[in-house]
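A short worksheet on the structure shown next.
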Amino acid sequence: LLLRWRRRRALWRKVEEAQERQERSLVRMEAAAQRFREQHPSVNTVSILSLPLPELSRKLRDGSLPPDHVFYAYVGKALQIATETNCITEFLQESETQLRRAKLMERQGLLYGVPVSIKDSIDCQGHDSTLGFIKNLNKPAAEDSVVVQVLKRQGAIPFVKTNVPQSLISYDCKNLIFGQTCNPLLYTRTPGGSSGGEGALVGGGGSILGIGTDVGGSLRFPAAFCGICAIKPTGNRLSKRGVMAGVVGQKAVAAAVGPLAKDVESLALCLRALLSEDMFSLDSTVPPLPFNEEVYSSTKPLRIGYYETDFFTMPSPAMRRAVRETKQLLEEAGHTLVPFELTNVDYVIFNYCVRGMFSDGGSSFVRKFKGELEKGGAGIFFWLAKAPHWLKTLLSWISKPFVPRFSSIMRSMKENTVDEVWGLHHEIQDFCHQFIAQWKKLNLDVMLCPMLGPALGIGYPGKLSVAISYTMLYNALDFPAGVVPVTLVTDEDEEQLKDYKGYYQDWWDRTLVKAFRGGVGMPVAVQCVALPWQEELCLRFMKEVETL
């Protein structure tokens, strides 16, 4: 008991030290912003912060806007949003050194002088990538991840790291070290996750461009919940070298690195910069596909598949209305909309996604929590992964008639043999080919889909792991998928929630309707999807939706 008490005390000390470092970071940001304001009292930071990224980068490159004016405007705004939402874990002090160098250098690189925020799990030299785990504190990265190296070569200035949920396997944003991050639009709502710190900071206007990751919706949830745009590219379009994963080594559900920003044009500019020779030479496993300008700027009418529901997670009234209104606007603009029928999404979620990510019965996932003070961040997955095989089998059998979804999750989290894992990968490949065949039979260019929304109340994502169906489908398929906010929740949407029952009418459905309530005025997005390696077409479609 004494040894255990001493070990726990040592862990708490590490947490307190990390929190003090976070506090010192914010103090440094405040001092830097204050110093700049005193030295340059005439600089109009409001007008700088109102510039969209393409215009801002143009002014930085042509010299009409000094990089220090932009940098300190964003440091000041980021500090304000961090104080309100608790989204920043660390200020990257070397960013000021990089800024001084940038002022002396030739103005080159598509992102010259642009301050960029970076998700906690993406390595920045000399800084921790904690994933919300105490064991990862005081283990600074030896070098920058490839994506950060490319950003720097393109002239960008990474200036802060942002908060994540413990383990990343969650679409909330809370861990024991840095605490809960709130939604900048309504503090009682979650900003989404696992790139939740990014969503809050970019959504609040404290960063003009953020870099996050996505293995089940981790870019798309924060963007949709905070009213901004994001794109999850095909898994290997951008380098993942130096990017920490929630479940290491699994190949069933494709993870991806991608940007978050206020608008689609900013996402396109970011991908233009990242899909450069620098990326391809630093990581030769990334296919050398530069940004296809012709596809992105095309104006030919699109043939668009669409669906209002996946028949697994019943959409909220606002989600359904968002798809219907977007469909109508697209048709009026001359595009062709074709209904697309989704089938067996329940099988995809349980058998491909859950079973794929936890093929070892969740044992490697559980090991990550060993020695941690808190183990609740990942919700049901941690507790199920911890349960012995016989208990999972028994509970699955008992609960099947009453709670079929719970029974399916239990069954999906059993330990698989190598033969079974190979079989599963083959099955996922077959499913992907069948999905593409259905897509091509309808001669589609892109797909319009619902996106979970509005933002759920804080704490709800941990209870609602099943509500990831709309996003995780496209990680299993490894299709590029982006989100664009299109509407706000109305009083009428809120009123219609009274009739919300869900497809299973189980505890999860009853909890989801509670999580949706009280969202009047919150943004709701749609999801835009393209076939693998067609990020430019996905962005072109997103731009069309955004414009309309």
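The values are calculated or read from the model by the stated rules, or taken from the named source; none is laboratory data. The structure displayed is predicted, hence computed values, not measured ones. FYI the Cβ positions are ideal-geometry reconstructions off the backbone, even for glycines, and counts take in every protein chain you see. Side chains included, ligands, DNA and RNA excluded: accessible areas come from the protein's heavy atoms. Shrake-Rupley method; radii C 1.70, N 1.55, O 1.52, S 1.80 Å.
Being crowded, with 19+ Cβ neighbours inside 10 Å and over 30 Å from Ser407 (Cα atoms) is a description that does not apply to Pro532. Just to be sure before I move on: is Ala223 among the small types (Gly, Ala, Ser) and in a loop (DSSP other than H, G, I, E, B) in the structure I sent? Considered against the rule, which asks whether it is among the small types (Gly, Ala, Ser) and in a loop (DSSP other than H, G, I, E, B), Ala223 comes out as no. Scanning the stretch 183-213 for residues that are in a strand (DSSP E or B) and either on the phi > 0 side of the Ramachandran plot or open to solvent by 10 Å² or more (accessible area, probe 1.4 Å) (or both) gives Leu186, Arg189, Thr213. Restricting attention to the stretch 294-305, the residues being under 15 Å from Leu330 (Cα atoms) and either open to solvent by less than 40 Å² (accessible area, probe 1.4 Å) or among the polar types (S, T, N, Q) (or both) number 4. For the stretch 227-246, which positions are open to solvent by 20 Å² or more (accessible area, probe 1.4 Å) and either aliphatic (A, V, I, L, M) or not assigned by the TED database to the domain that holds Tyr171 (or both)? The answer is Val243, Met244, Ala245.
In this structure, Leu473 does not qualify as in the same structural domain as Val338 (by the TED database), closer than 18 Å to Phe340 by Cβ and not in a helix (DSSP H, G or I). Arg4 falls short on exactly one of the conditions (1) at pLDDT 95 or above; (2) surrounded by fewer than 16 Cβ atoms within 10 Å (Cβ to Cβ); (3) closer than 22 Å to Glu374 by Cβ, and that condition is (1).
Taking interchain pairs and intrachain pairs at least six residues apart, which have beta carbon atoms under 7 angstrom, with the first residue in the stretch 135-164 and part of a helix (DSSP H, G or I) and the second surrounded by 23 or more Cβ atoms within 10 Å (Cβ to Cβ) and of a type in the set (Val, Ile, Thr)? Within 7 Å, the pairs are Asn136/Thr130; Val147/Ile122; Val147/Ile211; Val147/Val257; Val148/Ile118; Val148/Ile122; Leu151/Val116. Is it the case that some residue within the stretch 415-431 is at pLDDT below 90, open to solvent by 50 Å² or more (accessible area, probe 1.4 Å) and part of a loop (DSSP other than H, G, I, E, B)? No, there is no match, as no residue in the stretch 415-431 is at pLDDT below 90, open to solvent by 50 Å² or more (accessible area, probe 1.4 Å) and part of a loop (DSSP other than H, G, I, E, B). When the stretch 387-414 is examined, which residues are found to be under 29 Å from Gly502 (Cα atoms), not in a loop (DSSP other than H, G, I, E, B) and not hydrophobic (A, V, I, L, M, F, W, C)? Passing the criteria: Lys392, Thr393, Ser396, Ser399, Pro404, Arg405, Ser407, Ser408, Arg411, Ser412. Only a single item in (1) closer than 29 Å to Gly453 by Cβ; (2) among the hydrophobic types (A, V, I, L, M, F, W, C); (3) not assigned by the TED database to the domain that holds Met451 is not met by Leu373, and it is number (1). Which is among the hydrophobic types (A, V, I, L, M, F, W, C) and either in contact with a strand residue (DSSP E or B) (Cβ under 8 Å, 6 or more places away or on another chain) or free of Cβ contacts under 8 Å to residues at least 60 places away in the same chain (or both), of Val466, Val524? Criteria check complete, one pass: Val524.
Scanning the stretch 173-182 for residues that are under 20 Å from Ile211 (Cβ atoms) and either touching a Pro at 6+ places or on another chain (Cβ under 9 Å) or surrounded by fewer than 24 Cβ atoms within 10 Å (Cβ to Cβ) (or both) turns up Cys173, Asn175, Thr181.
With the condition kept exactly as written, say whether any residue in the stretch 305-320 is at pLDDT 95 or above and either part of a strand (DSSP E or B) or more than 28 Å from Met522 (Cα to Cα) (or both). Taking every residue of the stretch 305-320 in turn, at least one turns out to be at pLDDT 95 or above and either part of a strand (DSSP E or B) or more than 28 Å from Met522 (Cα to Cα) (or both). Of the residues Ala224, Ala273, the single one that is in contact (Cβ under 8 Å) with a residue 60 or more places away in the chain, over 25 Å from Pro450 (Cα atoms), of a type in the set (A, V, I, L, M, F, W, C) and open to solvent by less than 20 Å² (accessible area, probe 1.4 Å) is Ala273.
What about Ser121, is it polar (S, T, N, Q), touching a residue at least 12 places away in the same chain (Cβ under 8 Å), over 21 Å from Val489 (Cβ atoms) and touching a helix residue (DSSP H, G or I) at 6+ places or on another chain (Cβ under 8 Å)? No; evaluated as a whole, the condition is false for this residue. The condition of being in the same structural domain as Leu176 (by the TED database) and under 30 Å from Glu17 (Cα atoms) does not hold for Glu38. Looking only at the stretch 514-529, which residues are part of a helix (DSSP H, G or I) and open to solvent by less than 10 Å² (accessible area, probe 1.4 Å)? Answer for the stretch 514-529, where residues must be part of a helix (DSSP H, G or I) and open to solvent by less than 10 Å² (accessible area, probe 1.4 Å): Ala515, Phe516.
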